[in-house]
Amino acid sequence: MEKVHEQTGKFGRWIRNSISARMLMIGFLILILLIPLSYVKDIIHERQYNQKAMISEINKKWGGEVMLYGPMLKVPYKTYSVKRIYNQNTKTYQEETIENIHNAYFFPNKLSVNATVNPQPKKRGIYETAVYGSEIHIDGNFTRPDFSEKDIEDKDIIWEKSKLIIETSNLKGVSSLVEIHLNKNNYAFESKYDHSSSNSNDNYHELDKHSYEYLTLHKLESKSIKKTDLPIENSVSFSLKMNVNGSKQIRFIPVGKETDVNIKSNWKTANFLGEYLPYNPDKIKEDGFDAKWKVLDINRPFPQQSFNGIPNLKKYAFGVNFMIPVDQYQKSERSAKYGFLVISLTFLVFFLIQTMSKISIHPFQYLMIGIALTMFYTLLISISEHSNFLNAYLIAGISVVALITLYSKSILKNLKFPMFIGISLTALYTFIFIIIQLESYALLVGSVGLYLILASVMYASRKIDWQNG
């Protein structure tokens, strides 16, 4: 029995005094604290999801992204095929000519788009997005359709059934009647779902790289155009005006042989996107932006006509993004990725102080310090939803550094070591803040910083007698 007590006493003294035992205990506590850190990351992802869902709901009610495709001229034409029918009575084959109707689609020769877009913020709870009203003027002209690709004769072109087509991603946001003035007459558009459209097959839904949802283009089709207004002999001009409420972004597809687009807005933080960028370098000013694009047919990889339905050209769209930049969740997530480093280095500082000063620190006290460090991230997330990220980081950082510094004063029984811990934590949080703000130099700054931290630890621990641990 005495042997058991003696062994238990030795083990207890080893736990209290052994450097190796303390290192094992600290390593175990760090692994335990990874559990609340994982919950912090889950909270960030949940808040991100809630934000996207709320913004999507606001945009859905107001009107989603505006993408405009057209106008394009649809001209039906005839083709003929021969069908051989076997006659049982005469024991011979008879030929029957079958007439087939197809549609050809022709893009404008000249297309000019002038859009005025003035966004305004919309809030729902703590979440905010940008919605806008737009006034779009479209002008241009059509030249005579070229059927030479299919060797179609003039007698087989059904001019009297020709129509104009526009496709847009946002019918709900259209706030005015859509009429096009073609040559000498006006033609109204009506919404139409066409099963023969290329957008109604497998390409109907396409995951857009600039959206969180599937982008669908809806067809607007005019009534049949009078033959006198068609570009049969000479080119004909057209013009139309659309007022559309939208959100997120506005984009256009350059279907003209020569396409000019001008977008004006009072939005100060423009983000230009798509296959083509504005050509005017002074486009962004203090009171908004005035962006201009010019795209020629030689700049894009598709022809001026299509005989196989309306081609899917959404990937060639370009325009402006009006979404309010909300990056606090991304920055919080990047900050949380350094949680393991913060806990490990803080515990290392306490371990070095304990080892060199022979001050006893209980595992429970290490645990309390670790929980305080994880509280930094919940404070950061919650405060950043109501303020900017810098303020949230400062408040969370000062709160946690002050808490741990005051707590360490009660543990270490003097002022020198708590002040050192407070300065070390401040330097560490400042270092992490600098890293998450950087993009191009994040790896370089992080590597240099970690090298300096390692050098400091090696220097501080050089006099520790590891052999007696």
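Which of the residue pairs Lys74/Lys122; Lys110/Lys172; Lys61/Lys184 have a Cα-Cα distance greater than 30 Å in the structure shown?
Values: Lys74/Lys122 39 Å; Lys110/Lys172 28 Å; Lys61/Lys184 37 Å.
Over 30 Å Cα-Cα: Lys74/Lys122; Lys61/Lys184.
Going from the alpha-carbon gyration tensor of region 12-95, what semi-axes, largest first and in whole Å, does one get by taking the root of 5 times each eigenvalue? If you can, show how the numbers build up before the last one.
Values: eigenvalues 1250, 169, 25 Å².
Computed over region 12-95, the values are 79, 29, 11 Å.
Considering the Cα trace of region 17-57, what is its radius of gyration and what is Dmax, both in angstroms?
18.2, 60
Tell me, what % of the accessible area of region 70-190 is carbon and sulfur with a 1.4 angstrom probe?
On the way: 2740 of 6400 Å².
Within region 70-190, the accessible surface is 43 percent carbon and sulfur.
In degrees between 0 and 90, to the nearest 10, how far off the longest principal axis of the chain does helix 389-412 point, with axes built from Cα atoms?
Between helix and principal axis, roughly 20 degrees.
5 Å is the cut-off here: which amide hydrogens, built 1.01 Å from N in the peptide plane, fall below it relative to Leu215, excluding neighbours closer than 5 in sequence?
Result for Leu215 returns Glu206, Asp208.
Using θ = phi - 60° and the Karplus form 6.51 cos²θ - 1.76 cosθ + 1.60, what ³J(HN,Hα) does each residue of region 58-69 get, whole Hz, x for Gly and Pro?
Using θ = phi - 60°, the values come out as 4, 5, 5, 6, 7, x, x, 4, 9, 10, 10, 10 Hz.
How much mean residue ellipticity at 222 nm does the chain get from its helices, if each DSSP H run of length 4 or more adds -39500 (n - 2.57) and you divide by all residues, to the nearest 500 deg cm²/dmol?
Mean residue ellipticity at 222 nm (helix-derived): -13000 deg cm²/dmol.
When a/c reaches 1.5 or more, the comparison of a/b and b/c decides; with that in mind, is region 74-150 rounded, prolate or oblate per its Cα gyration tensor?
On the way: a/c = 8.62, a/b = 2.58, b/c = 3.35.
Judged from the Cα gyration tensor, region 74-150 comes out oblate (a/c at least 1.5, b/c at or above a/b).
Can you bin region 352-469 into rounded, prolate or oblate? Criterion: square roots of the alpha carbon gyration tensor eigenvalues sorted a ≥ b ≥ c, rounded for a/c under 1.5, prolate for a/b above b/c, oblate for the rest. List each step's numbers first, then the result.
Details: a/c = 2.62, a/b = 1.35, b/c = 1.93.
Oblate, because a/c is 1.5 or more while a/b does not exceed b/c.
Quote the relative contact order of region 257-383 in percent (integer), defining contacts as alpha-carbon pairs under 8 Å separated by 6+ residues.
Values: 116 pairs, mean separation 29.5, N = 127.
After rounding, I find 23 percent.
Restricting attention to the alpha-carbon atoms of region 267-415, what are Rg (one decimal) and Dmax (integer), both in Å?
Cα-based Rg and Dmax for region 267-415 come out at 27.1, 86 Å.
Remind me, relative contact order of the chain in percent, using alpha carbon pairs under 8 angstrom and six or more residues apart? Don't skip to the end; give the middle numbers.
Working: 776 pairs, mean separation 82.6, N = 469.
It comes to 18 percent, rounded to a whole number.
Given 4 °C and 1.567 mPa s, how large is the Stokes-Einstein diffusion coefficient of region 250-312 in µm²/s, with Rh as the Kirkwood radius over Cα pairs? Walk me through the intermediate numbers first.
Working: Rh = 13.3 Å.
It diffuses with D of about 98 µm²/s by this estimate.
Can you give me the distance in nm between label points at Lys227 and Ile398, each placed 7 Å from the Cα along the Cα-to-Cβ direction?
8.2 nm
Using Cα atoms only, what is the angle between the long axis of helix 339-357 and the major principal axis of the chain, expressed in degrees (0 to 90) to the nearest 10?
The helix 339-357 is inclined about 10 degrees to the chain.
On C-alpha positions alone, give me the angle between the axis of helix 363-384 and the longest principal axis of the chain, in degrees, nearest 10.
On a 0 to 90 degree scale, this one is about 30.
Can you tell me how much longer the chain between Tyr279 and Thr426 gets when fully stretched, taken as 0.36 nm per residue apart minus their C-alpha distance, in nm with one decimal? Present the calculation step by step, with values, prior to reporting the outcome.
Numbers: separation 147, 0.36 × 147 = 52.92 nm, distance 4.59 nm.
Difference between extended and current length: 48.3 nm.
For a quick check: with amide H placed at 1.01 Å from N, whose amide H comes under 5 Å from Asn170's, ignoring anything fewer than 5 positions away on the same chain?
For Asn170, whose amide H was placed from the backbone, the distant partners under 5 Å are Met67, His218.
Run the quick spin-label model on Tyr459 and Lys337: label points 7 Å from Cα toward the beta carbon, then report their separation in nm to one decimal.
Result for the modelled spin labels: 2.9 nm.
Calculate, for the chain, the solvent-accessible area per residue in square angstrom, rolling a 1.4 angstrom probe over the heavy atoms of the protein chains.
Values: 25420 Å² over 469 residues.
Using a 1.4 Å probe on heavy atoms only, each residue of the chain averages 54 Å².
What accessible area, in Å² to the nearest ten, does a 1.4 Å probe give for Thr426?
Approximately 70 Å² of Thr426 is accessible to the 1.4 Å probe.
Per residue of region 108-121, in order, report the coupling 6.51 cos²θ - 1.76 cosθ + 1.60 (Karplus, θ = phi - 60°) as ³J(HN,Hα) in whole Hz, putting x for Gly and Pro.
x, 6, 10, 9, 10, 10, 10, 10, 10, 10, 10, x, 9, x
May I ask you to derive the relative contact order of region 394-461, considering only C-alpha pairs under 8 Å and at least 6 residues apart, and to give it as an integer percent?
Working: 22 pairs, mean separation 15.1, N = 68.
In percent, rounded to a whole number, it is 22.
Under 1.5 on a/c is rounded, so check that first for the chain, then, if it is not, pick prolate when a/b is larger than b/c and oblate when it is not; a ≥ b ≥ c are the square roots of the alpha carbon gyration tensor eigenvalues. It would help to have the intermediate numbers written out before the result.
Working: a/c = 3.88, a/b = 2.67, b/c = 1.45.
Prolate.
If I model a spin label as a point 7 Å beyond the Cα along the Cα-Cβ vector, how far apart are those points for Glu99 and Thr116 in nm?
5.0 nm
The values are calculated or read from the model by the stated rules, or taken from the named source; none is laboratory data. Everything numeric in this text was worked out from a predicted model, so none of it was measured. No Cβ is skipped: glycine too gets one built from the backbone with ideal geometry, and neighbour counts run over all protein chains shown. These accessible areas exclude ligands, DNA and RNA; they are computed on the full protein's heavy atoms, side chains included. Shrake-Rupley method; radii C 1.70, N 1.55, O 1.52, S 1.80 Å.
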